[in-house]
Amino acid sequence: MNVLRTFLLYALLVICSVVVLFPIVYAFLISFMDGAEVLQGHIWPQKFTMKNYVAAFQKVPLFEYLFNSFIVSFIVMLGQLIISSLAAFAFVFLKFKGRDVLFFLCIATMLIPWEATMIPNFLTVQKLGWLNSYLGLTVPFFASAFGIFLLRQHFKTIPLELYEAAQVSGVGRFRFFWNIVLPLSRTSLITLGVYSFLTTWNMYLWPLLVTNNDRVRTVQIGLKQMQSQEISTEWGVVMAAVIVVILPTLLLLFVGQKHLQKGLMQGAIK
Amino acid sequence: MEQIELVHVYKSYNGKDNVIHDLSVSIEPGEFFVLVGPSGCGKSTILRMIAGLETITSGTLLIGGIEVNELPPSERNLSMVFQNYALYPHLTVEQNITFGLYKKKISKQEQKKRCLEAAEMLGLTDFLKHKPRQLSGGQRQRVALARAIVTHAPICLMDEPLSNLDAKLRAKMRSEIRQLQRRLGITMIYVTHDQVEAMTMADRMMILHEGRAQQIGAPLDIYNHPSNTFVASFIGSPPMNLAKAKVLESLLLFDNGRAMRLHHHLPPSTQQIIVGVRPEHIRLAKPSDDHFIAKVVNVEVLGTETLVTFELTKNEHWIARWSGQWNIHAGEKVPLTIDETAFLFFHENGQRLDHSIPSYAAGKGEHQ
Amino acid sequence: MNAPLSVKSSPSVPVRRKRAVWTTLEGIVYLLPSLILFSIFLFYPMLKTVYLSFYATDHQGNPVQFVGIENFVYLLKDVNFLQSIKATLLFVCYTVPASVVLALCLALMANEKLKGIGLFRTFFSSTMGMSVAASSVIWMFMYNPSIGVINKVLSLFGISDVQWLLDPKIALISVSISTIWMNIGFTFLILLGGLQNIDPTLYESARIAGVSYWYQLRKVTLPLLSPTLFFVTTVSLIHSFQTFGQIDILTKGGPMDATNVIVYSIYKDAFINYNFGSASAQAVLLFFAILVVTFLQFKFGERKVHYQ
């Protein structure tokens, strides 16, 4: 009975894995086929060729796109970490009048769908002259209610006595923040970092709006560009680009999965 | 070394109800002063007000004769040990000990020296590079102590520092802390809910109940002369036996008809009073003694002493404490006698009636 | 007890107030970056969106003429917009329940204690690392009527030439299927976290009581998981209202507006037709829709939810 159950479970798990992973594996396989084979509709390449990868980097500035995406994601990650942790620190360790009102204001931002604000945001960024610049791609995403919540949740688990002990021994607030709170919250900071990197890397609509040249264009927009130009002829090249684009985030996800799972729960539910 | 004085101190969180009510006390330099009371009595609040972690609603706090109500904690020149030790889990023992020193503009060398000194004193020398989680409860406690010592602050505050340790270790740390305080000559204010800790450690102590000071004094004075029934039952284990009684000439009449005849020391009035006797003053009667017969309800033989619970009245049980091991069983009826000078009398409202102050404390102290 | 000294016993109020002011200032400094950014990129544009929705605008997005609720009235009479609402609602109905239920099944399986279960967890969460653009491109190819794998497989069963993305009747379903796939990683990860948060001793006591798997699922697991399910449903709902990328890549809102969901419609109105007023009005409606969904969820969802 137990053996049977285990066997059935494994069978189910395998089937589900196949279904879930199929599109990724499929793209991976296509990326090694030459054009003729793709058009024949094969699933398994008869001969693995790296030509598509070479072509992907030659025909479009894929490397530049990757670089841009990396820079943008990294800056947003850094910005969110700094700005969210400062705010979360104030919400947990500083008691002052009006704090709760400000906190409520932060909650309220979660109710505003970002898409509902994109028109004025676009106009703002345009006026600031930030179109086609890293600034326009990053700065609007520095403040994150999610990040503030996530870190606040974690900061609250730091015993208040640590703060009081610091006060008694005359340790300044910023020093306490920097030397105690941040190191103790490493896991949450990693979670937020991974999360913000992932979401920025995968961002689509905003970069589509504020970039229109290759100098700052991110890789997601590059993909769209490729797909609409290369359609029907060179799917192998497109798929090679897809694999290149998803590789960093998949790796990041596999490494940070545990953190992410715990962190997302914390930031969301409590 | 500095004197700490609280003058008519009140504390209220909501502006209406006082958590601390009109507290005045003066703590002498070099004194080991214990704040003791049941949980929720406000003892930690007082400590935190002295530390500056809580504001003082009204009244004055003086340290060394200077009003410090508005000084931030760091400028009060004191150290504090927390119940859960408040060690920084990601720093080594050494970093923990020296963490607060940077602000005091102390050279790296001096920091190192002080750290080693304190570590030596507390037997932590081998653990300086360890993280707190690698240490046992007792060692963590010592790190917290070391952190307090290195500041060289003349005042040290401790908030239930031993409550996370097991009984054996607690007894050991009790004497260690006491010795340390004597050696360094610092003023110690120590909060605990454990009356044994208070009794064994304090030079003087304050008993608190519901935000009010019940009594301040040396442990034995308080033990022998509790100022009210709360103090009487809080200090001492097992607690003082108390029972309501009426006074009729030289008779003490208890609720269910039991009467005891006393020769002296009766309060003059005939009103309802409360009678108190420490368990160690109830003896097995010799044939010549005035005695009363009581039914034994429970016997606990503890090795060095025996606790005998007996029926004073139908619904009132008292405990007697006899040294040695006694072969008595529940259900037996035994003759008991009470040295009448041992009786304490309290007003119905709990305050002790003044006249009953026999001087047995000097002679009979088996509790020493 | 007498006071040992007679000292003036009123706290020096000015000092205290000064300290409070300091703390407030310090707090504001820590919060300032967030507050400024929220103001510039969230609160201001939200208000501006509302403002613009009452105006007719020129091509640069400048308000030209106050038109009151004209934009809204026009929208509600506009066949295209009504179609867009219909598409959005259908899309939500297709994707949210399916995503949550499928992810729940995966999470239940992946929560079993088996050898190598970590690998399966990684597999199931993998779509979370996939960008919308990359996923859409892959699905676009899979949906390709002549060389895509789906039609190849179907042709084995004698079904041929399904126009997945070009047939107005099927396009929305096709987009939904790919969206469900994209959602599963995130939803799975959250639900698995919820399952792992359930106290294992509860399962042990259920095992000692000898209850069946399904009984345990109904009486122990699901009730305890309900806060997580609740959260994940809300988030999925909001996410699906905000869908854009897959539409832009797979169908561009077509065919015949069958997949013209609201955000895509806003995008088209604003950035292709330069009709900022109408687009803003739609954005306002989107905002309210999400607001209402959130409140409804909290009002009705909460009753059925067991919180620890």
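The values are calculated or read from the model by the stated rules, or taken from the named source; none is laboratory data. Quick caveat, the model's predicted, so the values are computed rather than measured. Every residue, glycine among them, receives a Cβ derived from its backbone with ideal geometry; neighbour counts consider all protein chains shown.
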Original post:
Considering region B:1-39 alone, what residues qualify as being free of Cβ contacts under 8 Å to residues at least 40 places away in the same chain and under 24 Å from A:Ala165 (Cα atoms)?
Top reply: B:Tyr13
Original post:
Among the residues of region B:250-267, is there at least one that is more than 16 Å from B:Leu312 (Cβ to Cβ), surrounded by 16 or more Cβ atoms within 10 Å (Cβ to Cβ) and at pLDDT 80 or above?
Top reply: no
Subject >> Residue count, region C:63-82 (criterion: crowded, with 17+ Cβ neighbours inside 10 Å, in a helix (DSSP H, G or I) and in contact (Cβ under 8 Å) with a residue 24 or more places away in the chain) >> reply: 4
Original post:
Hey, B:Asn14 hits all of (1) crowded, with 17+ Cβ neighbours inside 10 Å; (2) more than 14 Å from chain C (Cβ to nearest Cβ) but one; which does it fall short on?
Top reply: (1)
Original post:
Hey, among the residues in region A:1-32 that are more than 11 Å from chain C (Cβ to nearest Cβ) and of a type in the set (A, V, I, L, M), which one's farthest from A:Val245 (Cα to Cα)?
Top reply: A:Met1
Subject >> 1 or more residues within 9 Å of chain A (Cβ to nearest Cβ): qualifying helices (runs of 4 or more DSSP H) within region B:57-161 >> reply: B:137-150
Subject >> region C:23-34, subset at the interface with chain A (Cβ under 7 Å from one of its Cβ atoms) and surrounded by fewer than 19 Cβ atoms within 10 Å (Cβ to Cβ), residue nearest to A:Leu86 (Cα to Cα) >> reply: C:Pro33
Original post:
So which helices (runs of 4 or more DSSP H) stay within region A:58-133 end to end and still have 1 or more residues that are touching a residue at least 12 places away in the same chain (Cβ under 8 Å) and either within 19 Å of the chain's Cα centre (by Cα) or closer than 30 Å to A:Gln225 by Cα (or both)?
Top reply: A:62-93, A:118-127
**OP:** Given the conditions (1) at pLDDT 90 or above; (2) not in a helix (DSSP H, G or I), report the number of the one that C:Ile36 does not fulfil.
**Re:** (2)
**OP:** Only one of these is assigned by TED's automatic domain parsing to the domain that holds B:Leu184 and in contact with an Asp or Glu (Cβ under 6 Å, 6 or more places away or on another chain): B:Ile50, B:Ile46, B:Ile63, B:Ile56. Name it.
**Re:** B:Ile63
**OP:** For region C:241-281, name all the residues that are in contact with a Phe, Trp or Tyr (Cβ under 8 Å, 6 or more places away or on another chain), surrounded by fewer than 21 Cβ atoms within 10 Å (Cβ to Cβ) and outside any loop (DSSP other than H, G, I, E, B).
**Re:** C:Phe271
**OP:** Kindly check whether there is at least one residue in region A:39-57 that is free of Cβ contacts under 8 Å to residues at least 24 places away in the same chain, facing another protein chain (nearest Cβ under 8 Å) and at positive phi.
**Re:** yes
**OP:** Kindly indicate whether any position in region B:28-42 is within 16 Å of B:Arg212 (Cβ to Cβ), within 14 Å of chain C (Cβ to nearest Cβ) and crowded, with 19+ Cβ neighbours inside 10 Å.
**Re:** no
Original post:
What is the one condition in (1) modelled with pLDDT under 85; (2) part of a helix (DSSP H, G or I); (3) not hydroxyl-bearing (Ser, Thr, Tyr) that A:Arg215 does not satisfy?
Top reply: (2)
Original post:
Which of the following residues is among the small types (Gly, Ala, Ser), modelled with pLDDT under 90 and either within 30 Å of B:Asp203 (Cα to Cα) or surrounded by 18 or more Cβ atoms within 10 Å (Cβ to Cβ) (or both): B:Ala232, B:Ala245, B:Ala285?
Top reply: B:Ala245
Subject >> Unmet requirement for B:Leu165, which otherwise passes all of (1) modelled with pLDDT of 90 or more; (2) of a type in the set (A, V, I, L, M); (3) not in a helix (DSSP H, G or I) >> reply: (1)
Subject >> Residue list for region A:67-93, restricted to those being surrounded by fewer than 20 Cβ atoms within 10 Å (Cβ to Cβ) and more than 30 Å from A:Glu164 (Cβ to Cβ) >> reply: A:Phe67, A:Phe70, A:Ile71, A:Phe74, A:Ile75, A:Leu78
Original post:
So which of C:Val100, C:Val96, C:Val92 ends up being more than 11 Å from chain A (Cβ to nearest Cβ), crowded, with 17+ Cβ neighbours inside 10 Å, in contact with a Phe, Trp or Tyr (Cβ under 7 Å, 6 or more places away or on another chain) and assigned to a helix (DSSP H, G or I)?
Top reply: C:Val92
